[in-house]
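Report on the structure given below.
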């Protein structure tokens, strides 16, 4: 019986050539040792090394596996790894590149992933953690676009739905467009302002390319599109952009877009695009704004009329922003560009240069490259000259005609013109004949 067990145990060998011991073998070692057998005798009986018997006897049974202690290449860099891993938002490969460039330590991507495993869980928890922010009345409007296929006249058409949500009352405004371009963002906002009867202090958006030129995720610096800046100034609100990859910052509109898709559009078909728009307007009036909101416990329209309507900035009869124009002009020798027969000054050093002109919100803004070089109030007259005196600094004659000092003195002393300094015959000789 023992012979069969020994043969079975020897058939299962580790790479080092040493037979792996079964629990029965280890129990036999301990029993024979208790009977007074020596280590070498037990080893010969079981067909293994006496060192193996000594180890199991000393451990008193099965020894748990313990990996050998090896020096870790990333030891002492735990704090640096955590800071850099969180900074790069969980991108282990970028951290590995920084590790090689700054610390001179080369490790495999898998090694680094094992080292930052605990930090990844913290990053997930940070991404999921949300603090609810209750917006004061009239403070904020959140906007977003949602895309949804809609059946119109028997055909599937891709519709882009603009959703605006007031932060305090949760009142919704919905518009449907056939695309998601800059003019559609502006049209949706103007429609919301008209429907609400006023303008909030801030408008919070994601980072759409049509409105945001650049948003640095680390420094949080935002560069908005020039037209958006002019649009915001025209209506009197401040544009705000969510932190990149943190769309839940504007969660009220995120949930509003999903609500419109699932409640207003899903399962419906329409005879025409006009019928689709009419359906959205009716749904907004009779469903979305009169339901009991899950967070506030009130109807959005009631909360709006009680708390928020009087906190919005009045429209004041402002016209649509659609009158904005973008023009290109070449700066003339008079240091100005001409718009609608009126001249607007530009820094004189730009004479002959091509500049971009934006006319909107009662202002004329002139840009050269990426820099704004002049801002004027738009003139309502004709053939007027609007000048910023700083644009002419360094120009000769800005305070009057240019003349020499001695010539001016001669003119003031005598009304007669000065005589030639040389006889006329000398000039004729110089050119080889008479004039």
* Asked: Residue separation times 0.36 nm, minus the C-alpha to C-alpha distance between residue 50 and residue 183: what's the value?
  -> 39.3 nm
* Structure fact -> Per the C-alpha gyration tensor (a ≥ b ≥ c, the square roots of its eigenvalues), segment 95-198 is rounded if a/c is under 1.5, else prolate if a/b beats b/c, else oblate; here it's prolate
* For the pair residue 123 and residue 372, what calculated FRET efficiency results from E = 1/(1 + (r/R0)^6), where r is the Cβ-Cβ distance and R0 = 56 Å, to the nearest 0.05? -> 0.90
* Pop the C-beta distance of residue 80 and residue 216 into the FRET formula with R0 = 22 Å and round what comes out to the nearest 0.05. => 0.45
* **Cα centroid separation, segment 27-105 to segment 274-301 (Å)** => 64
* To do: Quick one: check the C-alpha center-to-center distance for segment 145-222 versus segment 329-345, whole angstrom.
  => 37
* Structure fact -> Per the Cα gyration tensor, segment 78-128 corresponds to an equivalent ellipsoid with semi-axes, largest first in Å, of 19, 11, 8
* Structure fact -> Listed with the fewest Cβ neighbours within 10 Å leading, 147, 190 appear as 147, 190
* To do: Provide, as a two-decimal number, the C-alpha radius of gyration of segment 340-392 over 2.2 N^0.38 Å, N being how many residues it has.
  => 1.08
* Asked: Once the Cα gyration tensor of segment 241-394 is diagonalised, what are the square roots of 5 times its eigenvalues, in whole Å and ordered largest first, as equivalent ellipsoid semi-axes?
  -> 48, 18, 18
* Asked: When a footprinting reagent is the concern and you count Cβ atoms within 10 Å, what order do 296, 165 take, fewest first?
  -> 296, 165
* Asked: Order of 279, 391 from fewest to most other C-beta atoms within 10 Å?
  -> 279, 391
* Measuring from a point 7 Å past the Cα of residue 293 along Cα-to-C-beta, which residues in segment 152-187 have an amide N at less than 15 Å? -> 164-174
* If you stretched the chain out fully between residue 62 and residue 305, how much longer would it get, using 0.36 nm times the residue separation minus the C-alpha to C-alpha distance? -> 79.8 nm
* Structure fact -> Quick P(r) readout (segment 140-311; Cα-Cα; 10 Å bins; whole %) gives 10, 38, 35, 16, 1
* What does the convex hull of the Cα atoms come to per residue for segment 162-249, in Å³? -> 102
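Read-outs: derived from the displayed coordinates by stated rules, not from any lab. Model, not experiment: these values are computed from the prediction. Here the Cβ is made from the backbone with ideal geometry for all residues, glycine too, and neighbour counts use every protein chain on show.
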